[in-house]
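Notes follow the structure.
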Amino acid sequence: MIRFENVSVTYDGCSEATVQGVDFTVPEGELVLLAGPSGVGKSTLLGTVGGLVPHFTGGTLRGRVTVAGRDTRTHKPRELADVVGTVGQDPLSHFVTDTVEEELAYGMESLGLPPAVMRRRVEETLDLLGLAGLRDRPIATLSGGQQQRVAIGSVLTPHPRVLVLDEPTSALDPAAAEEVLAVLLRLVHDLGTTVLLAEHRLERVLQYADQVALLPAPGAAPVLGTPAEIMAVSPVCPPVVDLGRLAGWSPLPLTVRDARRRAADLRERLAGREPEQAPTATVEPPALPRWRGRRAAPAPATPAPPAEVRALAVRRARVQALRGVDLTVSPGETIALMGRNGAGKSTLLNTLVGLVEPSSGTVRVGGALPHRTAPRDLVRRVGLVPQEPRDLLYADTVAAECAAADRDARATPGTCRALVTDLLPGIDDDTHPRDLSEGQRLTLALAIVLAARPPLLLLDEPTRGLDYAAKTRLVAVLRELAAAGHAIVLATHDVELAAELAHRVVLLAEGEVIADGPTAEVIVSSPSFAPQVTKILAPQKWLTVAQVREALR
């Protein structure tokens, strides 16, 4: 169905090819997972299938890509629209209408399908993706995860023969991700749809893949094989595979069920040992050490907490986004906000940073009301890394973005650039931010916010687009910040990140706090939010492979 013949892509102004030596076939009716570290060209390779590369992005495509016999170099994207449905990393860039129902129908209208067919398919897709209750909602009022489901639904309704998906579960809660993947699997098995998708959260997708195409490094030719064959050599792997490597299991397990069947001996080895827990947050902030080249001003003797929320309610249009929320964030504490898409996580973060005014209740950040504080003063108290990192990027080069961040934060020149280097090595100063992958743009936005070293750091889906290595570097930086007294609140669907990093987990549902407690207590008791290691080794309360590795030493 999809044939890559010695394909390489070189963008204008780049001396090296982004991808090269790509030569493999995706058979009809198979789900093929594209894996590899951030920045190796996965999105570029996906773009060649629908003709976006090079017709939309520019650059030079060498070799040949054919889809259902059509050469994508000679067929423009509109000439492939009846065969290929594409969803990129940024769903907002796909939307052309205002409401959910209109967006689901738009693609079919473009293809001239009869109204009766359109109506039936819209209803089917609303049910398949759990969007029926949102049919009349303006897309702009949806959460990031809800928008992602709408974007996927908009390419499902025309019934394309090929689906190309770039991180389709990155903004979805665990339950929604399972629902979307179940839909894709049904299309593959029942209708013979061909699916090619890239995903960093391999723990969600690996078990469903027929084949895995691994891009091991920038410009390197992909390695194609079964999931078991690729995981045996892959530099990126989910926790279930990492635990299998640690335990010496062969063949390596790909699912929690496989691992549980073989974990009896490992549980015996761990019996009587306790996981090393994350240290509790400090009640009073320590004197902050010199970090990344800049010393913080001494804190007052009795500072206000970094964030204090009391009886908070927020109503946006017809939606009660938050109700009765109480939350206190202490210095040095890392809190993970979790819950299904639309639960109110992003609204809470936006309220803390002053972008949303409370309908009732109070919000204080460092003792100040954020929605009444001037931005130049608020940036010294709180920083937000949003779901869409492009909202923070305005300059033409990475170097210019970093220099502007240092000036705005009154930080030592080079502070922001050093952070970029630590988090994601190999990014050139003269690279345009729009030429970075989604994960790389997120890393740059994080470095820009961290340059001001705010006492309260807010992150909305911070691992979206990050591979496991980049996530490990992010965790190290955030731990260093927490140890220096910074408070961190992150909204995330990444249960593995919460297990690795958070002191506390706050679960939201329908705008209300339904659980607030130590990470081990909250997520271990939740089937939806428990990490893979917890599911494998239950009833023992292990959260991460790192805890198991430390206990076995």
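The values are calculated or read from the model by the stated rules, or taken from the named source; none is laboratory data. Small disclaimer: the values here were computed from a predicted structure and weren't measured. Every residue, glycine among them, receives a Cβ derived from its backbone with ideal geometry; neighbour counts consider all protein chains shown. These accessible areas exclude ligands, DNA and RNA; they are computed on the full protein's heavy atoms, side chains included. Shrake-Rupley method; radii C 1.70, N 1.55, O 1.52, S 1.80 Å.
When the convex hull of its Cα atoms is viewed from all sides, the range 1-88 shows a mean projected area of 5.6 nm².
Projecting the Cα positions of 518, 506, 7 onto the charge dipole of the chain (unit charges on Cβ atoms of Lys, Arg, Asp and Glu, taken about the Cα centre) puts 518 furthest along the positive direction.
Given their separation in residues at 0.36 nm each and the Cα-Cα distance between them, residue 135 and residue 190 gain 17.2 nm when the chain is fully extended.
Applying Stokes-Einstein at 4 °C and 1.567 mPa s to the Kirkwood radius of the range 127-219, computed over alpha-carbon pairs, gives a translational diffusion coefficient of 91 µm² s⁻¹.
Only Cα sites of the range 432-517 enter the Debye sum here, all with the same form factor; the resulting log10 I(q)/I(0) across q = 0.17, 0.18, 0.19 1/Å is -0.76, -0.84, -0.93, listed in q order.
Near residue 18, the amide H atoms lying under 5 Å from its own belong to 9, 10, 11; only residues 5 or more places off or on other chains count, and H is placed 1.01 Å from N. Prolate is the label for the range 372-518, because a/c, from the alpha-carbon gyration tensor with a ≥ b ≥ c as root eigenvalues, is 1.5 or above and a/b exceeds b/c. Compared with the alpha-carbon gap, the fully stretched path from residue 229 to residue 267 is longer by 11.0 nm at 0.36 nm per residue. Compactness of the chain is given as radius of gyration and Dmax, 23.4, 72 Å, from Cα positions.
Residues whose amide H falls under 5 Å from that of residue 509, counting only those 5 or more places apart or on a different chain, are 514, with hydrogens built in the peptide plane. If R0 is taken as 56 Å, the Cβ-Cβ distance between residue 25 and residue 404 corresponds to a FRET efficiency of 0.75. Between residue 535 and residue 319, the FRET efficiency estimated from the beta carbon spacing at R0 = 45 angstrom works out to 0.85. Per residue, the chain exposes an accessible area of 41 Å² to a 1.4 Å probe, with every protein chain left in place. Of all DSSP-defined beta bridges confined to the chain, some 50% are antiparallel rather than parallel.
Rounded if a/c is under 1.5, else prolate if a/b is larger than b/c, else oblate: which is the range 179-271, with a ≥ b ≥ c the root eigenvalues of its Cα gyration tensor? Since a/c reaches 1.5 but b/c is at least a/b, the shape of the range 179-271 is classed as oblate. Rounded, prolate or oblate for the range 466-553? Axes are the square roots of the Cα gyration tensor eigenvalues, ordered a ≥ b ≥ c, and the cut-off for rounded is a/c under 1.5. Verdict is oblate for the range 466-553.
Taking 4.7 Å between C-beta atoms as the pairing limit, the chain has these partnerless cysteines: 14, 237. Over the C-alpha atoms of the range 349-441, the Rg to Rh ratio, Rh being the Kirkwood estimate, stands at 1.04. Hey, any idea what % of the chain's accessible area is carbon plus sulfur with a 1.4 Å probe? C and S fraction of accessible area: 50 percent. Potential lengthening of the chain between residue 16 and residue 421 amounts to 143.8 nm, from the contour at 0.36 nm per residue minus the alpha-carbon distance. Ligands, DNA and RNA excluded, the heavy atoms of residue 200 present near 20 Å² of accessible surface to a 1.4 Å solvent probe. Which whole number of Å³ per residue matches the convex hull of the alpha-carbon atoms in the range 36-166? Convex hull of Cα atoms, per residue: 119 Å³.
Sequentially through the range 13-20, phi angles give Karplus couplings (6.51, -1.76, 1.60; θ = phi - 60°) of x, 9, 7, 10, 6, 5, 9, 7 Hz, Gly and Pro residues having no value and appearing as x.
How far apart, in nanometres, would the label points at residue 60 and residue 116 be if each is projected 7 angstrom from Cα along the Cα-to-Cβ direction? A separation of 5.4 nm, rounded to one decimal place. For 93, 360, the ranking by accessible surface with the largest value first comes to 93, 360, using a 1.4 Å probe.
Accessible surface of residue 208, taken over heavy atoms with a 1.4 Å probe and every protein chain present, rounds to 60 Å². So if R0 is 25 Å, what FRET efficiency would residue 430 and residue 480 give, r being the distance between their Cβ atoms, rounded to the nearest 0.05? The value I calculate is 0.30. For the range 135-182, with equal point scatterers placed on the C-alpha atoms only and solvent neglected, what are the log10 I(q)/I(0) values from the Debye formula at q = 0.19, 0.24, 0.32 1/Å, to two decimals? So the normalised log intensities work out to -0.65, -0.97, -1.28.
In this structure the amide hydrogen of residue 307, modeled in the peptide plane, comes within under 5 Å of the amide hydrogens of 329, 366, none closer than 5 places in sequence on its chain.
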